[in-house]
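Scroll down for the structure; my scribbles are underneath it.
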Amino acid sequence: MVHQERIRGHKGIARTAVIHTLGKLRLGRGVVVMDYVVIGLANYYQDIFERDSQRIVQIGAGCRIYPWVLVYEGATLGTNVVMEERTSVGSLSVVGRNSRVLYQAQVNDDVLIGRDCVVGGFVADHSRIGNKCSVFGALVHRYENSGSSRSRVGEFGERRAVSGPI
């Protein structure tokens, strides 16, 4: 069921946005949801949820969700996350604060993305991406520390783990 009228008081929600889970939506301050975004879309695989409380969608303060984005039930976007056009984040997935999901990227179910990340391309179910990582299809770039030019590059692909603290 679409319930938009009760969140219309929130200035940043576009009139064309579709909210499926009003009772299961936690929306931070200053969130911007642009045209044709769908929030709380039901997951085709309903057996992934062990409890009804896992279906809550949480969108942190200062998030910007661009047009044509899909946010599935049970997804969590941390503070100041940017979801660019035509991206999706699956059920039980968490995108850490200050992270950005790039144009047409797909973050599937039960994915954990750390803080300060940039993600492009496809992120498979059950993947874990540490803090300060950049993921672009088959490449992961992790910054060792913010004051150093040292970095590591590793593969992100089939049957590979992404290392780094989460």
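Coordinate-derived values only; no laboratory data. What you see is a predicted model; the values in this text were computed from it and never measured. Positions of Cβ are backbone-derived with ideal geometry, glycine not excepted, and every protein chain shown enters the neighbour counts.
Summary of values
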read-out	value
Contact order normalised by residue count of region 59-115, Cα under 8 Å, 6+ apart, percent	31 percent
Long-range amide H partners of I56 with built H, under 5 Å	G74
Amide H contacts under 5 Å for F122, placed H, 5+ residues apart	Q106, G137
For region 110-124, 3J(HN,Hα) per residue [Karplus equation, 6.51 cos²θ - 1.76 cosθ + 1.60, θ = phi - 60°, Hz, x = Gly/Pro]	6, 10, 10, 10, x, 7, 6, 9, 10, 10, x, x, 10, 10, 6
Table column - 3J(HN,Hα) (Hz), region 30-41, Karplus curve with 6.51, -1.76, 1.60, x for Gly and Pro	x, 6, 10, 10, 8, 4, 6, 7, 10, 10, x, 4
Positive minus negative residues near Y45 (Lys, Arg vs Asp, Glu; Cβ under 10 Å)	-3
